[in-house]
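Reviewing the structure listed below.
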Amino acid sequence: MEIQQALKEQYHAGLAMLAQCVENCPEDLWLEGAHPRTFWRIAFHAAFFTHLYMVQNEAAFQPWPGRREGIHQGLWSSPSDVEPYELPEGADIYQKTEMLDYIRFVDGLVDSTVDQLDLDTDDAGFAWYKNISKMSHQLMNLRHIQGHVGQLSELLMQKEIDIDWISQSPGL
């Protein structure tokens with residue numbers, strides 16, 4: 001099996017598990033937690049950075065057409081930077097249906113994006129990642145998705161909700 005095919009399968013599987021977390025999240029849990037650890041924010045963070053880091057470099061990134069202006073401001077801040085965290089005036093959180101739309105959007109980009117990657121370059125494509133190859137950066141991105149899926153599934157397990165382990169591309 002070629003490496004691009006394996007990457008595609010694992011991106012699809014990771015995104016399917018992320019979608020499963022969002023789908024199974026009760027409404028009261030969606031907003032639970034202190035910034036920056038609310039369920040919706042962790043889900044958005046996982047989808048956004050999967051989307052961003054899946055491409056060759058920062059210049060190749062095309063934002064999700066469904067994104068809201070202003071909602072990202074302060075979203076990545078630590079609690080000490082923004083106490084209490086408040087969304088900008090007029091902004092609202094992403095709802096579950098919107099988050100699922102975003103995850104499906106990213107999933108729809110996987111095959112063509114991964115096919116175009118130059119995995120042999122020593123440049124991750126993002127200035128803040130030094131001395132990491134594109135291949136290693138892709139593996140890191142997959143670990144990142146799964147780390148946040150783990151966080152979300154733990155929050156769900158506390159509510160006696162379990163998700164399925166997905167080992168290969170199920171298609172969303």
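Of note:
- Among the trypsin sites (Lys or Arg not before Pro) in the range 123-172, those located in a DSSP loop and surrounded by at most 11 other Cβ atoms within 10 Å of their own Cβ are Lys130.
- Amide H contacts for Gln56 (H built 1.01 Å from N in the peptide plane; partners 5 or more residues away or on another chain; cut-off under 5 Å): none found.
- Between Ala59 and Thr97, the C-beta separation translates, for a Förster distance of 22 Å, into a calculated FRET efficiency of about 0.10.
- Here the simple spin-label model places points 7 Å from the Cα toward Cβ, and for Asp164 and Glu23 these points are separated by 0.8 nm.
- Per-residue HN-Hα couplings for the range 24-31 [Karplus 6.51, -1.76, 1.60; θ = phi - 60°; Hz; x = Gly/Pro]: 8, 6, x, 4, 5, 7, 3, 9
- Sequence of Trp165, Trp128 once ranked by neighbouring C-beta atoms within 10 Å, starting from the fewest: Trp128, Trp165
- Extending 7 Å from the Cα toward the beta-carbon at both Phe126 and His45 defines two label points whose distance is 1.3 nm.
- Panel order for Glu160, Glu32, Glu58, by other beta carbons found within 10 Å of each beta carbon, from fewest to most: Glu160, Glu58, Glu32.
- Centre separation in Å (Cα based) which lies between the range 91-109 and the range 49-66: 14 Å
No value in this document is a laboratory result; all are computed from the given coordinates. What you see is a predicted model; the values in this text were computed from it and never measured. Positions of Cβ are generated from backbone atoms using ideal geometry, with glycine treated the same way; all protein chains shown enter the neighbour counts.
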